[in-house]
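The values are calculated or read from the model by the stated rules, or taken from the named source; none is laboratory data. Remember, it's a predicted structure, so these values are computed and weren't measured experimentally. Cβ atoms come from the backbone with ideal geometry, glycine included; neighbour counts cover every protein chain shown. With ligands, DNA and RNA removed, areas are computed over all heavy atoms of the protein, side chains included. Shrake-Rupley method; radii C 1.70, N 1.55, O 1.52, S 1.80 Å.
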Amino acid sequence: MVAVTTIGVANPVLEIENVTVQFGGLKACNDVTFRINEGELFAMIGPNGAGKTTVINAITGVYSPNPGATIDFTDSGGNRHDLLGQRPHDIVSRGIARTFQNLALFDALTVLDNLMLGRYIHSDVGVLSGGVFWGKALKDELRQREVVERIIDLLEISQYRNEAVGELSYGVRKRLELGRALAQEPHLLLLDEPMAGQNLEEKQDMVRFIADVRSELGTTMLLIEHDMGVVMSIAERIVVLNFGQMIGIGTPEEIQQNPDVVSAYLGTESGV
Amino acid sequence: MDTFLQLTASGIALGSVYAMVALGFVLVFKSTDVLNFAHGEFLMLGSFLALTFLVEWNLNIVFAIVAIAFIVAALGVALHYGIMKPLVGQPLFSVVLVTIGIAIVIRAFLLMTYGPLERGRILALPQGQLDIGNLVIPYVDIILFLVSSAAVVIFYIFFKSTTIGLQMRAVAENLEAAAAMGVSPNKVFAVSWGIGALMAGVAGVMYGNFTAVIDLNLAAIGLRAFPAAMIGGLDSVEGAILGGLIVGVSEQLAAGYFGGDFRDVVAFGLMFVVLMVRPYGFFGTKDLIRV
Amino acid sequence: MQMRFKRLFLLMSVLALIAASCGGDSDDTTTTAAAGGGDTTAAPSDAVPSSPDDGVTDDTIKLGFMGDITGPTSSTQLFFEAGIRAYTEFVNDNGGVAGRNLELFSEDDQYSSDEATLNYTKLVGDERVLTVVGQGGSSIITNLTTQIQDDKIPFIGPQQTIDAQFANPYIWSTIAHYGDQADIAIEAMAGDVGGAANLVVASVGLEVASGEEWAAYIEDTAVKAGGTYAEHIRLPLTGADADPQVVRLKELVDSEGVNYIALHGSPGAALRLLGSMDKAGLDLPIGGIFAVIAENVYQEGPADLLDTYWGVHTYTPPNISTPGNDEMNAWLDANGKYADTRNNVNFVGGWVVTKLAVEGIRIAAATGTLTRASLNTAMGTISSFSTGGQSPDFDCTRDGRACGAAGRPYDYNGTEVVARGEFADYASALDLIYGLGG
Ligand SMILES: Nc1ncnc2c1ncn2[C@@H]1O[C@H](COP(=O)(O)OP(=O)(O)O)[C@@H](O)[C@H]1O
Ligand SMILES: [Mg+2]
């Protein structure tokens, strides 16, 4: 159902090696190693508590992995960055955007303001001039508004534009969070269970949006998702985590045939 | 009735200063989660600097306000980078103790620089008064109210409709999400400390023209930011403004009708009453914790 | 979240208290005044045996000071301490006393009772000073009064004058009791308005026990003299302004015809009242207790109100020429000392009470023993000690009265403080009735 453009030369966007994040005695993820290529939709699956979100948090600088890990990111200009030890807001400005499993929107702000905050890294006004409303600052604001309006159209949320986010339904908020990440125009997009907690129709919308984004913008994505049907149909490659361990990596077909995966995870799920 | 109006008028002038002070206090708390116990000292610093600028050097008051605002704001930013930033993640209590330490240092600095003797009211504003029937409103009170209102309105516009204001609100609401937008919390913290200190400093300049005595007890005015902020809601900008006015007016009324000793009682008494009825203040959010 | 809110709130309340009560680190200073200044020719006849437990060593006599040097009331106490220190240096420059140099141990309590209690133990228990001179803080001395009685340590010339001091035989108060000051103030006010019958006085005072005491004496004295007493208006210890109090005063002027204010307070309180009166356009004459006379009130207060602003004092401000002040000023000039603190009536206060203490030490030493006990006995024999006009002559033989139970009003003439008459002029006004304040 999705047209996948295969890229001739696989340019890596994200390369992580031996990423172990430990909370006290618990290794939330252990020696996780994979790479995501440019334009790829790479999925991460595994039961609850497997360490999926932890991997995203390690990539975005929220948690620091144990020594010996590598997290390298290649930005849209082809520059390679070692993300280890960088602060979350610095990593974001390299071109990595994320959504949160449990939503992290600014509930008291409007939809528009939430999206405008997504434009922050692309705005070139400083702390002091950001406080004024004329000249450069005004022009910049108008430019950012344009991008935001396009996203509003794409995600079909224009009727909520000026509403406070806290008032909106869960489905719309999930969509808005995707929109806010898109407003960042990331080179790599990390989506943590974007369809969780939604009804069928909303899930289908979300799949459609993700597909649109890929076809229109070609954004590289790391997707965490529970719905196997969705994952198998849209992901090009999949990594499977179980209790922090990688138990399989490969194309959907390979994963479905991986005995470890089947016994540890897929076997317990119905409908695969 | 005359007495009532007279006291209310004076209370509004005083309350507008409290509003400014509470606003700065709330802003710092809202953005950085720090209860700044040096806030009153920022105000006091503003008043003492006003003595130097206005009384000793006889400078223009507008210039003095701008210059002092700048100095105090710079101090706020410096404090953030120098002292508060390395403390991120420390328990609330230790951070609060550090702000008390800052307060002590500012006091000591003022004591060494200006000596222990009380100084009189600064007479840099037009003196005289407006007579409306039996009501006497000193010009100073009117100007005080106007300047405080202007400061509050400018801040409000800044906070609500500029990019940096938006970032401040974002950081205040959800630090993690703000960082995920690429907003550097530290920059926003620094700006919050700067503006918080600035509000206190400007309040201090104005207050120096209002109060009859400038001495090291002025920091107590900063303590009024607590009941004002608690009444309004510790994390609400609107609440700080309202709370400041409520405390100012009720304080003058209580002192006028029941005696000066009720002045301190009423601010905190009112706070307890409000907190019993509305534990989060008039405008505060129930959920003071951040995700 | 509810929990967190409560904890936050509790924390705030606790910290508000901490912030209010602790100003900063205590700053204790100890100096040996002009020790070993070459002038060691002590007359052998002065020689009394050492008594280290009473602060009398082979070559020094230890004096203690405890008060607020860097805290909220430092604007008076700092100067008092400087005056004490200056006088010890003056004595040492002139050959010491009882064949020894004086050594002053100063302890700063920043107006905190807890700190003061510690300081008391340090001075009286550890350092074993002979006497504590010029202690400051009325609630502090109230707390310490039984302890002083147990230790039998002479407290000479505390800065305040409250009832608790007068019942204690080891506290040698110097400054006139509020009852005396009220007598003098009412006499002066009556003179100003053409007779006590024309006087309608309202009292304004800080909201502390001594403020209530003052109000009671003013009321009693005014009424007995045939005048009218309106009411007592309280000023908070710190805080904004005196606007509400001035609103009330204006009402009293309209309704009762109040024509004088009897003021209790500090220079800060006086400035607050004056500032608010000035802002509201209320011009009433003000006569107050000793503490309202201060250089900074004259320099910083509104000029148009100061011409009718005065206070009763037991000590003579340093600019007024008397033999005692002349001697003090000459020594200060010659040594170029205390430039920052000498132009203050509290400096004279510190100087004078130390002078009295040294007189006591001399008398005690002459008996052959210099101890806390002999000093107490000696103090009780001082019946007419002249400070050279820096105060009334001290008479410490009268039970329940201050050694300096007299005073006179001081006016401000626009450039400096001037005395209104002699101490003797007001002697007849003193009714010697105390105890109204409870
Ligand atoms: N901040 C943290 N502190 C302690 N344990 C954590 C923390 N974050 C995650 N964990 C633990 O790490 C494991 C992996 O969690 P997570 O990455 O959220 O799993 P998933 O996203 O796969 O459901 C879980 O056992 C979780 O409880
Ligand atoms: Mg997860």
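Under the definition of partner shielding as Cβ atoms of other protein chains within 10 Å of a residue Cβ, what is the mean value for peptide B:271-277?
1
How big is D for segment B:9-50, in µm² s⁻¹ as a whole number, if Stokes-Einstein is applied with the Kirkwood radius of its Cα pairs at 10 °C and 1.306 mPa s? It would help to have the intermediate numbers written out before the result.
Details: Rh = 11.1 Å.
It comes out at roughly 142 µm²/s.
For the pair A:SER169 and C:ALA330, how long in nm is the line joining their label points, each one 7 Å along Cα→Cβ?
10.0 nm
How compact and how long is segment B:104-245, expressed as Rg and Dmax of its alpha-carbon atoms in Å?
18.3, 60
Lys and Arg at +1, Asp and Glu at -1: add these up for the other residues within a Cβ distance under 10 Å of B:PHE189 and post the number. Write down the numbers at each step before the final one.
Numbers: positive: B:LYS85, B:LYS187; negative: B:ASP33.
Neighbourhood net charge equals +1.
Could you rank the peptides B:53-66, A:162-175, C:71-84, B:156-169 by their average count of other C-beta atoms within 10 Å per residue, with the highest value first?
Order by mean packing, descending: C:71-84, B:156-169, A:162-175, B:53-66.
Of all the C-alpha pairs in segment A:75-216, what % are more than 19 Å from each other?
Values: 5463 of 10011 pairs.
Looking at segment A:75-216, the distances longer than 19 Å represent 55 percent of pairs.
Treating the protein assembly as shown as a set of equal point scatterers at the Cα positions, no solvent, please give the Debye-formula log₁₀ I(q)/I(0) at q = 0.05, 0.09, 0.10 Å⁻¹.
Log10 of I(q)/I(0), two decimals: -0.44, -0.96, -1.09.
Take every Cα pair under 8 Å in segment C:332-403 that's 6+ residues apart, average their separations, divide by the length, and report that relative contact order as a whole percent.
That works out to 20 percent.
What is the mean number of Cβ atoms from other protein chains located within 10 Å of the Cβ atom of each residue in peptide C:266-277, rounded to a whole number?
Values: counts 3, 4, 9, 3, 3, 9, 8, 2, 4, 7, 6, 1.
Partner Cβ neighbours, averaged per residue: 5.
Can you compute log10 of I(q)/I(0) for segment A:1-99 with the Debye formula, treating each Cα as one identical point scatterer, at q = 0.20, 0.23 Å⁻¹?
Taken in order of the listed q values, log10 I(q)/I(0) reads -1.06, -1.30.
With unit charges on the beta carbon (Lys/Arg positive, Asp/Glu negative), name the residue among B:ALA229, C:TYR260, B:ALA13 whose Cα is farthest towards the positive pole of the charge dipole of the protein assembly as shown.
B:ALA229
Out of all Cα-Cα pairs in segment A:186-228, roughly what percent, to the nearest whole number, are more than 14 Å apart?
Across segment A:186-228, Cα pairs with separations above 14 Å total 49 percent.
Quote the FRET efficiency, to the nearest 0.05, computed for B:LEU59 versus B:VAL153 with a Förster distance R0 of 25 Å and r equal to the Cβ-Cβ distance.
0.50
For chain B, what does the relative contact order come out to in percent, with C-alpha contacts under 8 Å and a separation of six or more?
Contact order relative to length: 37 percent.
Kirkwood Rh, segment B:115-171, all Cα pairs: how many Å?
It is 14.5 Å.
Can you tell me the orientation of helix C:178-192 relative to chain C, as the angle in degrees between its alpha-carbon axis and the longest Cα principal axis, to the nearest 10?
So the inclination is approximately 50 degrees.
Based solely on C-alpha atoms, express the radius of gyration and the Dmax of segment C:90-133 in angstrom.
When restricted to the Cα atoms of segment C:90-133, Rg and Dmax are 13.0, 37 Å.
So how tilted is helix C:243-256 from the main axis of chain C? Cα-based, degrees 0 to 90, rounded to 10.
Computed tilt is about 60 degrees.
Once you order the gyration tensor axes a ≥ b ≥ c over the Cα atoms, which shape class does segment B:138-210 get: rounded for a/c under 1.5, otherwise prolate or oblate by comparing a/b with b/c?
Taking the square roots of the gyration eigenvalues as a ≥ b ≥ c, segment B:138-210 is prolate.
Assuming 1.002 mPa s and 20 °C, estimate D for segment B:225-266 with Stokes-Einstein, Rh taken as the Kirkwood radius over Cα pairs, in µm²/s.
On the way: Rh = 10.2 Å.
Stokes-Einstein gives a translational diffusion coefficient of 210 µm²/s.
Taking the convex hull of the alpha carbon atoms in segment B:1-123, what volume per residue do you get, in Å³?
Residue-normalised Cα hull volume stands at 142 Å³.
On average, how many beta carbons from a partner chain sit within 10 Å of the beta carbon of a residue in C:293-300?
Average neighbour count from other chains, rounded to a whole number: 4.
For the residue pair B:TYR257 and C:SER139, what label-to-label distance in nm results when each label sits 7 Å from Cα along the Cα-to-beta-carbon direction?
Reported label-point gap for B:TYR257 and C:SER139 is 2.8 nm.
If one computes the Cα centroid of segment B:150-182 and of segment B:4-68, what distance in Å separates the two points?
Measuring centre to centre over Cα atoms gives 22 Å.
Rounded to whole Å and sorted largest first, what semi-axes of the equivalent ellipsoid does the C-alpha gyration tensor of chain A yield via the square root of 5 times each eigenvalue? Write down the numbers at each step before the final one.
Working: eigenvalues 197, 96, 62 Å².
Ellipsoid semi-axes (Å, largest first): 31, 22, 18.
Over all alpha-carbon pairs of segment C:284-422, lay out the pair-distance distribution in 5 Å bins, whole %, shortest bin first.
2, 10, 18, 19, 17, 14, 11, 6, 3, 2, 1, 0
Can you tell me, using C-alpha contacts under 8 Å and at least 6 residues apart, the relative contact order of segment B:169-291 as a whole percent?
Rounded, it is 24 percent for segment B:169-291.
Which whole-number percent of Cα pairs in segment C:343-438 have a distance greater than 22 Å?
Every Cα pair in segment C:343-438 considered, those over 22 Å come to 41 percent.
Provide the FRET efficiency to the nearest 0.05 for the A:SER158-C:SER113 pair, computing r from the beta carbons and using R0 = 60 Å.
Working from the Cβ atoms, E equals 0.35.
For segment C:88-165, what is the Kirkwood hydrodynamic radius in Å, using each pair of distinct C-alpha atoms?
Values: mean 1/r = 0.0744 Å⁻¹.
It works out to 13.4 Å.
Structure shown: which of B:LYS30/C:LYS279; A:LYS174/B:LYS160; A:LYS174/B:LYS30; C:LYS62/C:LYS337 lie over 28 Å apart, alpha-carbon to alpha-carbon?
Exceeds cut-off: B:LYS30/C:LYS279.
Pop out the carbon and sulfur fraction of the accessible area of chain A as a percent, whole number, probe 1.4 Å. Please list the in-between numbers first.
Working: 5870 of 11940 Å².
Solvent-exposed carbon and sulfur of chain A make up 49 percent of the total.
Restricting things to Cα coordinates, could you compute the convex hull volume per residue of chain C in Å³?
Taking the convex hull of the Cα positions in chain C, it is 154 Å³ per residue.
Treating each Cα of segment C:208-288 as an identical point scatterer and ignoring solvent, apply the Debye formula and state log10 I(q)/I(0) at q = 0.11, 0.15 Å⁻¹.
-0.27, -0.51
How much space per residue, in cubic angstrom, does the convex hull of the C-alpha atoms of segment C:134-231 take up?
89 Å³
So, with +1 on the Cβ of K and R and -1 on the Cβ of D and E, and no other charges, what is the size of the charge dipole of the protein assembly as shown about its Cα centre, to the nearest 20 debye?
Approximately 2260 debye in magnitude.
Amide H to amide H under 5 Å from C:THR387: which residues, 5+ apart in sequence or cross-chain, H placed 1.01 Å off N in plane?
Long-range HN contacts for C:THR387: C:PHE394.
With a Förster radius of 45 Å, plug the Cβ-Cβ distance of B:MET276 and C:LYS122 into 1/(1 + (r/R0)^6) and report the FRET value to the nearest 0.05.
That pair, B:MET276 with C:LYS122, gives E of 0.50.
Any chance you could give the angle, 0 to 90 degrees and rounded to 10, that helix C:138-151 forms with the longest Cα principal axis of chain C?
That helix lies at roughly 30 degrees to the long axis.
Sorting check: for A:22-32, B:42-52, which peptide has the highest mean count of neighbouring beta carbons within 10 Å, and how do the rest follow?
Taking the mean over residues of other Cβ atoms within 10 Å, the ranking is B:42-52, A:22-32.
Apply the Kirkwood formula to segment C:176-250: the hydrodynamic radius equals the inverse of the mean of 1/r over all pairs of different alpha-carbon atoms; give it in Å with one decimal.
Result for segment C:176-250 stands at 12.8 Å.
Treat chain B as a sphere of radius equal to its Kirkwood radius over Cα pairs and apply Stokes-Einstein at 37 °C in a medium of 0.692 mPa s; give the translational diffusion coefficient in µm²/s, rounded to a whole number.
It comes out at roughly 171 µm²/s.
What whole-number distance in Å separates the alpha-carbon centres of segment A:92-108 and segment B:217-241?
Segment A:92-108 and segment B:217-241 have Cα centres separated by 33 Å.
For the pair A:ARG87/A:ARG35, report the inter-label distance in nm, with labels modelled 7 Å from Cα in the Cβ direction.
Placing both labels 7 Å along Cα→Cβ, they lie 3.1 nm apart.
How big is segment C:373-418 by Rg and Dmax over its Cα atoms, in Å?
14.4, 47
To the nearest 20 debye, what is the magnitude of the charge dipole of chain B about its Cα centre, counting +1 on the Cβ of each Lys and Arg and -1 on the Cβ of each Asp and Glu?
About 560 debye.
Count the net charge of all other residues whose Cβ sits under 12 Å from the Cβ of B:GLY248, scoring Lys and Arg as +1 and Asp and Glu as -1.
-2
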